[in-house]
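Colleague: Got a structure for you, written out below as structure tokens; questions coming shortly.
The values are calculated or read from the model by the stated rules, or taken from the named source; none is laboratory data. Remember, it's a predicted structure, so these values are computed and weren't measured experimentally. Note that each Cβ is placed from the backbone with ideal geometry, even for glycine, and that neighbours are counted across all protein chains shown.
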Amino acid sequence: MISGLPIIACWSGGPTESIEDPDFQRKELGNEGGSGTSDDEDRAGFLLPPSQLWSEALLWIIHLSPSQRSSIASRAKSHAK
């Protein structure tokens, strides 16, 4: 995250405390979470089960616009600090 890159991690243990993923947080609160591909302004990475969702998150990252890349990089760096 400190390098400005979005993180993809398994949604158990330590990563759940250090990665900002709005979909995971909604799921933890009992609300419907998405597939890890929403463009929420709080996202700094992805917390996913070990499944096909990882490839979907990678595809989402690949298709980010330059402004989306800049935004997620800024959030990731800020969260890491």
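Colleague: I'd like to check something: does segment 62-81 contain any residue that is of a type outside the set (D, E, K, R) and modelled with pLDDT under 75? Reasoning before the result, please.
Modeller: Filtering segment 62-81 for residues of a type outside the set (D, E, K, R) gives 62-68, 70-74, 76, 78-80.
Pick out the ones that are also modelled with pLDDT under 75 and you get none.
Within segment 62-81, not a single residue is of a type outside the set (D, E, K, R) and modelled with pLDDT under 75.
Colleague: What number of residues within segment 17-57 are surrounded by 13 or more Cβ atoms within 10 Å (Cβ to Cβ) and modelled with pLDDT of 75 or more?
Modeller: 17
Colleague: Report, ordered by the first and then the second residue, all pairs with beta carbons closer than 8 Å, sequence separation of six or more or different chains, a first member in segment 66-81 that is more than 9 Å from Pro6 (Cβ to Cβ), and a second member that is surrounded by 12 or more Cβ atoms within 10 Å (Cβ to Cβ) and not small (Gly, Ala, Ser).
Modeller: Matching pairs, first to second residue: Gln68/Asp39; Lys77/Met1; His79/Met1; His79/Ile19; His79/Glu20; Ala80/Met1.
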